[in-house]
Every structure is written in C-alpha cells, then in structure tokens.
Amino acid sequence: MNFFSKMLVASTIAALFVSSASADQIKVSMTVDNSYALYTGTLTSATTFIGTDGNWPSVETYNFNLTGGSYIYVVTSSDKSVAQGFLAQFENLTQGYKFYSQDPQWQVMATGLGGNAPYAGTPADIALLSQELLDANSGGNASNGWADFTAGANNGAGPWGLMSGIDAAAKWVWYAGGNCDATNPTNGGCDAGEWLVFRIAVAATPDNPRPDANNNVPEPTTLALLGLGLIGLATRRQRPSRP
Ligand SMILES: [Ca+2]
Ligand SMILES: [Ca+2]
C-alpha cells in the first residue's frame, strides 16, 4: 500500500468513527394543547418529519438517533380556547441529560402567520418551516427572533390532569405574546402569535443551555472559515518566523 492509499484508509476509518461516535440516542415524550408536529433538522433548516398529533390528552413518545449538531423542532398551535401549552421531556440517552419543557435549553418563537401550520413531511411544509427558522434566526419574525417561553403549572394540574409518560416535574409552557396572559400564557384561550415553534439543540447540556453557531454547533460557514484559517496557517509556515 502506498502512502496515499494508507492516508485514504486512515481518513475513511476516522470519518466512520466520528459519525458513529457523534450520533446520540434521543427520546422525546410530549403532548401539546392543542396540536403539534415534530421535526428534526439543523440550525438553519428542517430536514426530517417525525410525527404529528392533535389530541392533547395523549402523550406521544419518539425515539431516534441524531448527531450533535442537530436540532429538534416542535411546531405548535392551539384552538385559542380554555388553555394551551407544550408539555415535554427530552432525553439524550447517550449523554445522560433530561430536559423538561420549562428548562432553558428549550426556546420558542412565534411566526404570526396563523392559518395552516406545517404539520406534515411534504416538501412544501419542510420549506415553509425552514423559511420561518431562517426568519427567526435573523430576528425577522413576530417574536423578534427566538424568545423565552413562560412556564405555567406542573404536569398534573388542571384543566389537563396528569399526563402519564411525562414526569410530574415537567411544566406546561407557552409563549406570552399576542393577547396571552403575560404571567401565565397557558391559562385562558389566547393567540400568542401562532403558529409557534419550540426548539432544542441535541448538543444542549445543563451548563450550555442554548448552543448555537458560536459555541457547540459549527455551521458550514464556520467550517469554511476554519478551512481558510488552516490554509492561512500553511501559508504562514513557509515564511520566516517573526518575534
Ligand atoms: Ca398528544
Ligand atoms: Ca386549547
């Protein structure tokens, strides 16, 4: 085997190791008053439709593997009557982290679009959600970017009662925008600027609640800059060193 063949084999093995090592086993248990669709994707786009449900008294559980740079997106909307909320627990079984819906690793944004939320895996729905993610990332949406949610009551409280399959420590949360109660937007029917999107980064940790392109999740542009930096280093190395 010549040098280049050896290098090719070594880099292929390294790539395989990295891809298998960085995929985390994820478990999400959730429900929404009144409906949601669950997607996964990157910081800048939705890529995969996971599931949808429009029945608040049922808890759905989803298991899948995601790489560290991935995001989970939950599109939600309500009937603007009685109450509304997002109740969930996100478990990274590989890293050993569990985050409830009220943990700051989650963020929310309001699209203000009303009407039909993207609730399927059609190319049109994926494209619509991805466009809204870009708008939120640049601050050009109804909530001026990604925002804080507001927590209401714990799982078990009325009007819902206990949702089995989600810990009692989890809280119902919603976005306190529009005509919703600023103290507890889960109480009373209201429109927070729907539809809403909740997100969490797979790379989130208790110490790093909101990973983004600046810390744990490299964007393609960051990688490109890193590549340019390496070229710069290689160029610099050919020059005599300065004090
Ligand atoms: Ca449900
Ligand atoms: Ca409702």
Check your understanding: At each listed q (0.09, 0.10, 0.13 Å⁻¹), what is the log10 of I(q)/I(0) that the Debye formula gives for region 15-167 modelled as equal alpha-carbon point scatterers?
Key -> -0.29, -0.36, -0.62
Review point. Summing +1 for each Lys or Arg and -1 for each Asp or Glu, what net charge is found among the other residues whose Cβ lies under 15 Å from the Cβ of Thr31?
Key: -3
Point to revise | Charge-dipole axis of region 22-217 as Lys and Arg at +1 and Asp and Glu at -1 on Cβ define it, positive-most pick from Gly152, Leu128, Ile200 | key: Ile200
Exercise for review: Taking the Cβ of each residue in Ser164, Ser22 as the centre, tally the other Cβ atoms inside 10 Å and list the residues starting with the fewest.
Suggested key: Ser164, Ser22
Exercise for review: For Ala170, list long-range residues whose amide hydrogen, built 1.01 Å from N in the peptide plane, is under 5 Å from its own amide hydrogen.
Suggested key: Asn155
Review point. Tell me, in nm to one decimal, what length is gained between Ala23 and Thr47 on full extension, where the rule is 0.36 nm per residue of separation less the Cα-Cα distance?
Key: 7.0 nm
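Bear in mind that the values in this text are calculations on the coordinates, not laboratory data. This structure is a prediction, so every number in the text was calculated from the model and none was measured. Here Cβ is always computed from backbone atoms with ideal geometry, including for glycine, and neighbour counts include all displayed protein chains.
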